[in-house]
Amino acid sequence: MNPDPATVDIVVEPVEGWRTWNLSADPAGDPLLHPARPSPDAWLPRRPLEARCTASPILSLFRRPHDAPNASCTCGIYAARSLESMDRPRPAWPPPPVVGTVTLWGRIVEHELGWRAAFAYPSRLRLVCAMCAWFEPGPGNPVTVHTMFRRLYTLCDVHRGGIQIPDGRRSKPTDVDPDELQRRLLATYTVDLLPLERLQVLFRLPRTPDPPPYVPTIRSVPIPGS
């Protein structure tokens, strides 16, 4: 997203944008959303997420403490204007399996490709095949749930073999039913299901190009006998 804001405003009407999330299960076994990028903040059910500036004290040495988002900082809760404007680089870590729309409100910094906001909460969610959405074309509809490092990854029939990270470790299949996981996710966050048709643009994108040999990347685990 363009780091130079177009406007900074207090909006009355909420703004709806697009986001992705990682997924885990809480101690009770209920789904829990996490930012797609490293962050200490989980998206708790039935509770708006409030932005806060987590910039390094060294980097913000000459910047006064401020509420998030701030026009001269990168803080805030991000959302994209469209699926097409979301980053899709070839990842070195399993990509996020949850895609949805999010409602933003409060102080908002507007950018060319999206917004940064003070408050946010999901409005519609959908589990997708993480590999189809961000790595290579496929049907997109999950048929299995894998786990790796306490995160859950839903995968389609084409990618059901799993995900391998650069050091050779692979995701492991679970006995979790993806349809039941989807139902629990919606019930836990009290949100609507995002129609799969809205996401077809992701599943039809070309395969992300292979990086140079020295660049780490994930790979699809071959399905035995296929």
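Shape call for the chain from the C-alpha gyration tensor, a ≥ b ≥ c root eigenvalues: rounded (a/c under 1.5), prolate (a/b greater than b/c) or oblate?
prolate
Protection proxy ranking, highest mean first, for peptides 82-91, 99-108, 13-22: 99-108, 13-22, 82-91, where packing is the per-residue count of other beta-carbon atoms within 10 Å, averaged. With a Förster radius of 25 Å applied to the C-beta separation of Asp175 and Arg204, the computed FRET efficiency comes to 0.20. Shape class for segment 132-185: oblate, because the ratio a/c of the largest to smallest gyration tensor axis (alpha-carbon atoms, square roots of eigenvalues) is 1.5 or more and b/c is at least a/b. Treating r as the C-beta distance of Thr74 and Phe119 and R0 as 22 Å, the FRET efficiency rounds to 0.80.
Descending by average beta-carbon neighbour count within 10 Å, the peptides 210-216, 23-29 line up as 23-29, 210-216, the highest first.
Computed extension gain for Asp87 through Val215, at 0.36 nm per residue and net of the alpha carbon distance, reaches 44.3 nm. Between helix 178-189 and the chain there is an angle of about 20 degrees, using the helix long axis and the longest principal axis of the Cα atoms.
Can you work out the PRE-style zone for Leu193? Point 7 Å along Cα to Cβ, and I want the residues of segment 111-131 with backbone N under 13 Å. Only 125-128 fall inside the zone, counting backbone N under 13 Å. Amide H contacts of Glu16: Leu104, each under 5 Å away and 5 or more positions distant or on a separate chain (H built 1.01 Å from N in the peptide plane; Pro and chain starts excluded). Taking the 1.4 Å solvent-accessible surface of the chain as the whole, the part contributed by carbon and sulfur is 54%.
Each helix, a run of at least 4 DSSP H residues, gives -39500 (n - 2.57); summed and divided by the residues of the chain, these come to -2500 deg cm²/dmol at 222 nm.
The values are calculated or read from the model by the stated rules, or taken from the named source; none is laboratory data. Quick caveat: nothing in here was measured; it's all calculated off a predicted structure. Quick reminder, even Gly has a Cβ in these numbers, built from the backbone with ideal geometry, and neighbours come from all protein chains shown. When the accessible area is computed, the model is the full protein with side chains, heavy atoms only, and any ligands, DNA or RNA have been set aside. Shrake-Rupley method; radii C 1.70, N 1.55, O 1.52, S 1.80 Å.
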